[in-house]
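Student: One structure follows; several queries about it will come next.
What follows draws every value from the coordinates through simple rules; no lab data is involved. Keep in mind that what you see is a predicted model, and the values were worked out from it rather than measured. Cβ coordinates were reconstructed from backbone atoms using ideal geometry, including for glycine residues, and neighbour counts include every protein chain displayed.
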């Protein structure tokens, strides 16, 4: 039996992702793929970004397995937010983003933050049409994450280390963490922050502004 194999799922995804990227560029928007574990503080990070830089017009796509809890939270702060539920899927796909954009008000926006499903494995493999890949670990998860999940950290344009206010309480080893990142990613910045105290958020915002131009 001969089985004809068409385009791979990844190839189709990448084609759609490029179309998304082109669409965002035409709108003057940069996409940011926010990847992190469950509980790392992804939504809090979006809130902190919006709070620290209200002059950067921001829209959000929220990816979750279920519920619209985070979308309701962000809409309550006046952030244009679109909900995608994957019904069990462990990551977003470019087609999901392509389908979402026509349903959003992108007028005047400069930044689209795509909060991917909480996962340190699958999201890094799929291009969503973003211009920035950002990994958001937190000190509460432990200092071994870059060693255990090197692929995600390798692809990151920036690593924003959240929950710095808990460093002492959880015994976080910064040198070990940084060493793990640098083994796979020598160049991308590591930006320590706390969304609770806003420590370091100004450094993150400066980096973001430089990328937005």
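Student: Out of all the residues in the range 86-109, which are under 15 Å from the mean Cα position of the chain (by Cα) and exposed (fewer than 15 other Cβ atoms within 10 Å of the Cβ)?
Tutor: Answer for the range 86-109, where residues must be under 15 Å from the mean Cα position of the chain (by Cα) and exposed (fewer than 15 other Cβ atoms within 10 Å of the Cβ): just 90.
Student: Hey, could you check the range 55-85 for residues that are touching a helix residue (DSSP H, G or I) at 6+ places or on another chain (Cβ under 8 Å) and part of a loop (DSSP other than H, G, I, E, B) and say which is surrounded by the most Cβ atoms within 10 Å (Cβ to Cβ)?
Tutor: Residues of the range 55-85 that are touching a helix residue (DSSP H, G or I) at 6+ places or on another chain (Cβ under 8 Å), as a first pass: 56, 58, 60-64, 70, 73-74, 77, 79, 81-84.
Pick out the ones that are also part of a loop (DSSP other than H, G, I, E, B) and you get 56, 77, 79.
On the way: 56: 15, 77: 11, 79: 18.
Of everything passing the filter in the range 55-85, 79 is surrounded by the most Cβ atoms within 10 Å (Cβ to Cβ).
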